[in-house]
Number of protein chains: 2
Amino acid sequence: MPAKKAPSEPRYAIGVDYGTNSVRALIVDVANGNELADHVFNYPSGEAGILLDKNDPLVARQHPGDYVDGFITSVREAVKKAKKKRGFKPERVIGLGVDTTGSTPLPVDKDGTPLAMQKKFRGNLAAQAWLWKDHTSHAEAAEITAKAGKHKDKYLDKCGGVYSSEWWWSKILHCKRTAPAVFKAAYAWVELADFVPGYVTGNTKPETMTRGICAAGHKAMYHDDWGGLPSKSFLKSLDPALADLRDRYTTQAFPSDQKVGDLTAEVAKKVGLPAGIPVAAGAFDAHTGAVGSGVKPGTLVKIMGTSTCDITVWPGDAELADIPGLCGIVPGSVIPGMYGLEAGQSAVGDIFNWFVNHLTPAKYGAAGDAHVALTKDAEKLAPGASGLLALDWNNGNRTILVDPLLSGLLVGQTLHTTAPEIYRTLIEATAFGARAIIDRFEEYGVQIKEVVNCGGIAEKSPMTMQIYADVCNRPMKVSRSAQTCALGSAIFGAVVGGAYKTAEAASKKMTGVKPTVYKPIKKNAAVYEELYQLYKRLHDAFGTPNHADTFGDVMKKLILIRDHARKAGSATKPKKTAKKTAKKSSKKKGGTRA
Amino acid sequence: MPAKKAPSEPRYAIGVDYGTNSVRALIVDVANGNELADHVFNYPSGEAGILLDKNDPLVARQHPGDYVDGFITSVREAVKKAKKKRGFKPERVIGLGVDTTGSTPLPVDKDGTPLAMQKKFRGNLAAQAWLWKDHTSHAEAAEITAKAGKHKDKYLDKCGGVYSSEWWWSKILHCKRTAPAVFKAAYAWVELADFVPGYVTGNTKPETMTRGICAAGHKAMYHDDWGGLPSKSFLKSLDPALADLRDRYTTQAFPSDQKVGDLTAEVAKKVGLPAGIPVAAGAFDAHTGAVGSGVKPGTLVKIMGTSTCDITVWPGDAELADIPGLCGIVPGSVIPGMYGLEAGQSAVGDIFNWFVNHLTPAKYGAAGDAHVALTKDAEKLAPGASGLLALDWNNGNRTILVDPLLSGLLVGQTLHTTAPEIYRTLIEATAFGARAIIDRFEEYGVQIKEVVNCGGIAEKSPMTMQIYADVCNRPMKVSRSAQTCALGSAIFGAVVGGAYKTAEAASKKMTGVKPTVYKPIKKNAAVYEELYQLYKRLHDAFGTPNHADTFGDVMKKLILIRDHARKAGSATKPKKTAKKTAKKSSKKKGGTRA
């Protein structure tokens, strides 16, 4: 019997990915990105982790305690699973990276403890984390857009010219105006992407914690051109209290190849790892997802989940125009040394989930499984055969219109229109939205040579991928990893752990695409070209204020009427003049079956 | 014991009402309209009585055998039930009237027997009755509109200026072009409203049967001004074969206070009545419904069912403009001696049923009952609070746009939009459509002083009635009878049976409204006024070709793309380049849950 050859000891990195409804920890081999173990922790609070306000559909908050519990549980359980695999030892973990949703700011006290973890504020919606998809701050966003647009420092040129209600300053300003007690109690605000690395390395104090360039640059108007955050005088013009906040914010923000600190003994013990593991600066999930999908100049990575983020990079030394409607162009936000370009759609999977949860009849099964049943029927439909067309704005439009006060539109329904037809139409609508984004990149000189998709939808729905290929008339590739955001974070963990000198080098070794590529089908692409022309006309008419054929006010007026009606209270009882007996008999029935 | 006083012997009339899905026979007391007994027969063929073509949603046909069986069964069973009531004897039935949907033409042979009852044509869709809501003939309708518009006799001035795909000549011409074998085999065509009275009185021969003015005047361009039907030369300009048909059509059409004949012994025996009962000329259901609701000048009767017909009358000696967009202005078609004015909405209850059948989740119960559950939640909503707005065109628009190639539109949906919100919005959309009709009448000098509603929805949905009151900002009354169409036919039965000299006199005694009146609620009306302005903008933009802010081509283009896609066949399989294993694994899953 020949003697066993001792294998060279592998090294591992951990990526922790905070999504909208859950957090996932992933342990990978730094040599090749092989995924050893993972664990998902669903946020226990609210509705699928989101705290809602039934009187205001724009509210979306999260309890910070879920983030802390989520880190401990997901990493601990992933480590436990990994320990059952051959060759894994906790001591071989060399680094850890974190990514989160954003802009998701949390009000914190002087020590960096979230207000929501104080008894006094436990149930106060304003004291929670303001989840990225909270759209309550649209008025503040409009105000910031107007004021920043006039500022000499052109704060908005790098983020598409429009400041969003999803972003940092809008939310903080809205809190100041609508929940002054919370605002007053908050010593500072921190991004979730900075809070988690700070928390696990024991450095949460607002003034000293290390911040990531990704959140700061894309959402807080941070840029080296004007020395970090916007000037105090500009912030003062929004509200004097905002200017004070600037002093409680570190002056420099770092890309994710930089470490913020080492895992504390306390946290390490809870998760079953040795203390002292280096932790990388946090970034947004979409950005690490792009890294985990091998983003490079010419490659657009689409992270397709409840919403979609579209990320590409551009050489740091090449010419690059300011592109209107983009979410941001930030040096180093994705790959250090390159421009990170971010676009996105405010809702994609969320629209399909909405349809399944609210409008799908019993014959397609319960919520969740209904996706499969609807897809089965929808994939039999030829493009155009439903006669339907939709706008994908149920959660507003992020790119290229940057307007949260837009809403959905469906046209073409008859008395025979079926649920699978509408389901497919909603998927097509998001594909048209995706095409509008690609077109916008290319109009401004950023050529897209390759599209790599990742995330749940890219993994699970060949029909959706084929529709995207046909609508965009381009091949659609799918990232090899099913958890690219966590993988991207692990790549930064590998870099801060010393396995690679650069994120580019790490990404080359640790990422790839699946062999399956969805290619456009010529006759489908031709039909979708016709439909896209109609989509674009509705898009421009309903999405552009002061458009020549303008309906740009229609969705906004409906929202105004809605908000007014909801404030005014519930419905008035029917006003009938009737004899008692007649009243009684007409009350017995209900419904409008003809 | 005092001697019993012999009661004066009451007299009865029977109304037989052919609806879209069933036929109802009603026996009433001619003295006061009291309803003694009724029976409903559901058409057994097709889907709820309608023969569909799965490749063409515009097709809607019916099997004539259902009409014959429906008469026998409904009248026989109603008579049986009446016989159990005190005082009723079959010999006391003095007259019978018939109303039907329309224009519902049937191809017949020389004896007047429907082709569909011949073995050769039994399963041939073109040989069946072409139900009112069959919209296959839109191209022919457009052609007729164009040619008739230029004709010296202004054939269309009395029917809103636009000939409809729902009407007589469009359907016959479409049959000639698409099913020439059926057209050739047909000696003539008869309206359902004429076929039934002809059949039960033994006079079905096309050349000699007595026709009603209602169908002829509203749907076949019959008018005394040009000597009955359009000229042979005009029909020849459409197709020489149509000119030949003119000769097989009686030259005069009669209002429903005229009898067409007496019940044959054969039919009488089958239904349990004496032979020889006089039968009135047939009319459309909406028209007798108006009579059964007490229509008079200034009173608009809305017959609210799967679709809506809006009927009013105007003094025969008063001035009356030609009103664009109306379905018809025909002397004597409702009340002899008065102009009958007809408008309508192509789908009302049908839209609500569509939503229940296709888009209502399990929690609201099974189809049918879901109306009640959805209404329960929808009536809690304040006007405007959903942020939604819809166009009510799932089955095209009959009045005021007269365009079957329009479709539905829904705007304002978010990720939180619920089924009851959409359900209510669809009801509101039909109310906006109703208001557009009332406005059109009044713009042309036909004042509407009172609105009386009847039909299933008016009976069963107080919420809908309140919405209509609020949207139209007018009180909504409800007809006393729950079966006004059948009652109106019975009223004509009473007239031809000699109980009254005129339909007006009979109507005064035999009809009434319920004590319940829905009055507009001021604050609701204010919100709906705002929403109506938005509705009207979308209505004009999407419904008017060549409108300034034009989207008048969008729905039509979608239909063209749809029809082309359906002809081209089914979906193409996803086109992937992949290794076998990858292909297999991606096939395992489905759905787009994010």
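Being of a type in the set (Ser, Thr, Tyr) and surrounded by 14 or more Cβ atoms within 10 Å (Cβ to Cβ) is the filter; apply it to the range A:549-573 and report the residue that is modelled with the highest pLDDT. Selected residue: A:550. Can you work out which of the residues in the range A:513-542 that are in contact with a strand residue (DSSP E or B) (Cβ under 7 Å, 6 or more places away or on another chain) and under 30 Å from residue A:482 (Cα atoms) is farthest from the other protein chains (Cβ to nearest Cβ)? The residue in question is A:513. Residue count for the range B:40-67 under the criterion of being under 29 Å from residue B:293 (Cα atoms) and either of a type in the set (A, V, I, L, M) or surrounded by fewer than 20 Cβ atoms within 10 Å (Cβ to Cβ) (or both): the result is 5. If only one of A:116, A:60, A:78, A:82 is without any contact (Cβ under 8 Å) to a residue 60 or more places away in the chain, outside any loop (DSSP other than H, G, I, E, B) and not hydroxyl-bearing (Ser, Thr, Tyr), which one is it? Only one candidate qualifies: A:116. Screening residue A:234 on (1) of a type in the set (A, V, I, L, M, F, W, C); (2) touching a Pro at 6+ places or on another chain (Cβ under 9 Å); (3) at negative phi shows it passes everything except condition (2).
Of all the numbered requirements in (1) under 23 Å from the mean Cα position of the chain (by Cα); (2) touching a residue at least 40 places away in the same chain (Cβ under 8 Å), residue A:475 misses one, and that requirement is (1). Against the numbered list (1) of a type outside the set (S, T, N, Q); (2) in a helix (DSSP H, G or I); (3) facing chain A (nearest Cβ under 8 Å); (4) within 24 Å of residue B:539 (Cβ to Cβ), residue B:459 comes up short only at (4). Listed by position, the strands (runs of 3 or more DSSP E) enclosed by the range B:332-427 that each have at least 3 residues that are under 21 Å from the mean Cα position of the chain (by Cα) and more than 8 Å from chain A (Cβ to nearest Cβ) are B:338-345.
Condition check ((1) surrounded by fewer than 24 Cβ atoms within 10 Å (Cβ to Cβ); (2) modelled with pLDDT of 95 or more; (3) more than 24 Å from residue A:224 (Cα to Cα)) across all residues:
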position	(1), (2), (3)
A:320	yes, no, no
A:327	no, no, no
A:336	yes, no, no
A:352	no, yes, yes
A:366	yes, no, yes
A:378	no, yes, yes
A:385	yes, no, yes
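Confirm whether residue A:37 is touching a residue at least 60 places away in the same chain (Cβ under 8 Å), touching an Asp or Glu at 6+ places or on another chain (Cβ under 9 Å) and assigned by TED's automatic domain parsing to the domain that holds residue A:16. No; evaluated as a whole, the condition is false for this residue. Going through (1) more than 18 Å from residue A:223 (Cβ to Cβ); (2) more than 14 Å from every other protein chain (Cβ to nearest Cβ); (3) assigned to a loop (DSSP other than H, G, I, E, B) one by one, residue A:300 falls short only on (3). Among the conditions (1) part of a helix (DSSP H, G or I); (2) within 14 Å of chain A (Cβ to nearest Cβ); (3) modelled with pLDDT of 95 or more; (4) crowded, with 24+ Cβ neighbours inside 10 Å, the only one that residue B:433 does not satisfy is (2). Right, residue A:171: touching a strand residue (DSSP E or B) at 6+ places or on another chain (Cβ under 7 Å) and either farther than 22 Å from residue A:399 by Cα or assigned by TED's automatic domain parsing to the domain that holds residue A:265 (or both) or not? Criteria met by residue A:171. Residues of the range B:66-104 that are in contact with a helix residue (DSSP H, G or I) (Cβ under 7 Å, 6 or more places away or on another chain) and hydroxyl-bearing (Ser, Thr, Tyr): B:67, B:100, B:101, B:103, B:104. Inside the range A:127-155, residues that are surrounded by fewer than 23 Cβ atoms within 10 Å (Cβ to Cβ) and touching a residue at least 40 places away in the same chain (Cβ under 8 Å) make up a count of 5.
Yes or no, residue by residue, for (1) away from chain A (no Cβ under 12 Å); (2) surrounded by fewer than 24 Cβ atoms within 10 Å (Cβ to Cβ):
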position	(1), (2)
B:442	yes, yes
B:445	yes, yes
B:450	yes, yes
B:468	no, no
B:478	no, no
B:483	yes, no
B:486	yes, no
B:490	yes, no
B:494	yes, no
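Would you point out the residue of the range A:478-514, among those that are outside any loop (DSSP other than H, G, I, E, B) and polar (S, T, N, Q), that is farthest from the chain's Cα centre (by Cα)? Across the range A:478-514, the extreme among qualifying residues is A:507.
Among the residues making up the range B:543-559, those that are in contact (Cβ under 8 Å) with a residue 40 or more places away in the chain and either among the basic types (Lys, Arg) or more than 8 Å from every other protein chain (Cβ to nearest Cβ) (or both) are B:543, B:544, B:556. Restricting B:72, B:94 to those that are outside any strand (DSSP E or B) and farther than 27 Å from residue B:347 by Cβ reduces the list to B:72. Within this structure, residue A:540 passes the test of being of a type in the set (Asp, Glu) and at pLDDT 85 or above.
Going by the conditions given, is residue B:288 buried (at least 17 other Cβ atoms within 10 Å of the Cβ), modelled with pLDDT of 95 or more and farther than 25 Å from residue B:189 by Cα?
no
Does the range A:258-277 include one or more residues that are outside the structural domain of residue A:424 (by TED's automatic domain parsing), within 30 Å of residue A:378 (Cβ to Cβ) and free of Cβ contacts under 8 Å to residues at least 40 places away in the same chain? No, every residue in the range A:258-277 fails to be outside the structural domain of residue A:424 (by TED's automatic domain parsing), within 30 Å of residue A:378 (Cβ to Cβ) and free of Cβ contacts under 8 Å to residues at least 40 places away in the same chain. Flag: residue A:79 matches the condition of being in the same structural domain as residue A:99 (by TED's automatic domain parsing), in contact with a Gly (Cβ under 6 Å, 6 or more places away or on another chain) and within 28 Å of residue A:502 (Cα to Cα).
Can we say residue B:527 is modelled with pLDDT of 90 or more, surrounded by fewer than 23 Cβ atoms within 10 Å (Cβ to Cβ) and not in a loop (DSSP other than H, G, I, E, B)? It is true that residue B:527 is modelled with pLDDT of 90 or more, surrounded by fewer than 23 Cβ atoms within 10 Å (Cβ to Cβ) and not in a loop (DSSP other than H, G, I, E, B). Remark: residue B:308 matches the filter, which requires a residue to be crowded, with 23+ Cβ neighbours inside 10 Å, in contact with a Lys or Arg (Cβ under 7 Å, 6 or more places away or on another chain) and closer than 23 Å to residue B:19 by Cα. Screening residue B:452 on (1) under 20 Å from residue A:415 (Cβ atoms); (2) within 23 Å of the chain's Cα centre (by Cα); (3) among the β-branched types (Val, Ile, Thr) shows it passes everything except condition (1).
The values are calculated or read from the model by the stated rules, or taken from the named source; none is laboratory data. All figures in this text were calculated on a predicted structure; none of them were measured in a lab. Cβ coordinates were reconstructed from backbone atoms using ideal geometry, including for glycine residues, and neighbour counts include every protein chain displayed.
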